[in-house]
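The structure appears below as structure tokens.
Quick note: the coordinates plus some simple rules give every number you see, no bench work behind them. This one's a predicted model, so the numbers in the text were calculated from it and none came from an experiment. All Cβ positions, glycine included, derive from the backbone under ideal geometry; neighbour counts span all protein chains shown.
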Amino acid sequence: MTQLQPITLLPARERVAAALREAILSHQLEPGRELSLKDAAQLLGVSVTPVREAFQQLAQEGLIELRPNRGAIILGLDEQTIRDHYELRAILEREAAMAVCRKNADLRRIRNAFDMAQAALARHDSTEYGNYNQAFHVEIWNAGGNKKIAQTLSQLWNGLSMGHKVTREAYAQISMAEHEGIMEALEARDEQLAGQRMDHHIRRSLENVLTHLKVEQEPK
């Protein structure tokens with residue numbers, strides 16, 4: 001195991017946007033619900049400032065509609081919107097992983113995030129695993145060397161893409177196994193395999209979210 005170091009996380013506004021994006025994609029925040037800045041800040045344990053910035057970002061993505069002095073309204077999402085989101089992520093994340101191999105980039109920070117995620121999972125700390133899961137991806141984006149790709153991916157991040165009736169820990173186990181395959185490909189400097197495994201990782205997440213959405217849409 002490498003010597004553990006502090007992990008790199010997204011800026012506060014991006015973490016808030018990611019948490020809200022995850023909740024919208026998974027229908028934890030249902031279409032039509034009103035969400036005030038204050039309520040969102042209290043829910044996420046942050047100040048109002050990053051929530052306000054996150055609201056602006058999510059409004060540009062068409063996930064929410066801003067209401068003057070009233071916060072926002074959650075908008076409905078269809079399957080195509082979700083597919084578009086994940087397919088863009090898959091294209092960019094695949095390229096980032098391939099670039100890491102192509103450029104023979106330093107893997108120490110990626111390995112560090114991977115090891116810390118593995119340790120969190122061994123402690124059955126699936127909540128903390130979420131942070132290290134994010135850090136693993138962020139370090140790959142950064143090591144890929146394309147700042148525009150890294151910036152775009154940070155704006156698309158949506159956390160753990162859990163399916164229907166899957167516990168957080170069970171999902172973390174699936175995600176960690178896929179990360180292990182990606183890590184092996186990166187360390188082998190196998191550009192094509194790293195890209196393929198990352199692509200599979202993101203598209204499997206897409207199917208999880210679509211399964212959850214379809215269950216939510218079934219007649220009660």
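Tabulated results
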{"read-out": "Principal-axis tilt of helix 48-60 within the chain, Cα atoms, nearest 10 degrees", "value": "90 degrees"}
{"read-out": "Full-stretch length increase - Gln42, Lys103 - with 0.36 nm per residue and alpha-carbon distance subtracted", "value": "17.7 nm"}
{"read-out": "Cβ-derived FRET efficiency at R0 22 Å, His200 paired with Glu79, nearest 0.05", "value": "0.65"}
{"read-out": "Net charge, Glu65 excluded, C-beta distance under 13 Å - Lys, Arg +1, Asp, Glu -1", "value": "+1"}
{"read-out": "Set of aspartates and glutamates near Lys38 by C-alpha distance (under 20 Å), chain-local residues within fewer than 8 positions excluded", "value": "Glu14, Glu22, Glu30, Glu53, Glu65"}
{"read-out": "Most fluctuating residue given options Ala172, Ala97, Ala72, as computed from a GNM of the chain linking Cα atoms under 10 Å", "value": "Ala72"}
{"read-out": "Given charges at Cβ of Lys, Arg, Asp, Glu: the chain dipole, positive-most of Ala143, Ser154, Gly45", "value": "Gly45"}
{"read-out": "Magnitude of the charge dipole, the chain, Cβ model with Lys/Arg +1 and Asp/Glu -1, debye to 20", "value": "440 debye"}
{"read-out": "The range 57-117 - Rg over Rh from alpha carbon coordinates, Kirkwood radius", "value": "1.20"}
{"read-out": "Leading residue at positive end of dipole, the range 84-200 (Cβ point charges), from Met198, Asn131, Met176", "value": "Asn131"}
{"read-out": "Computed over the chain: relative contact order in percent, which uses C-alpha pairs under 8 Å that are six or more apart", "value": "28 percent"}
{"read-out": "5 Å binning of all Cα-Cα separations within the chain, expressed as whole percents from 0 upward", "value": "1, 7, 14, 18, 19, 17, 12, 7, 3, 1, 0"}
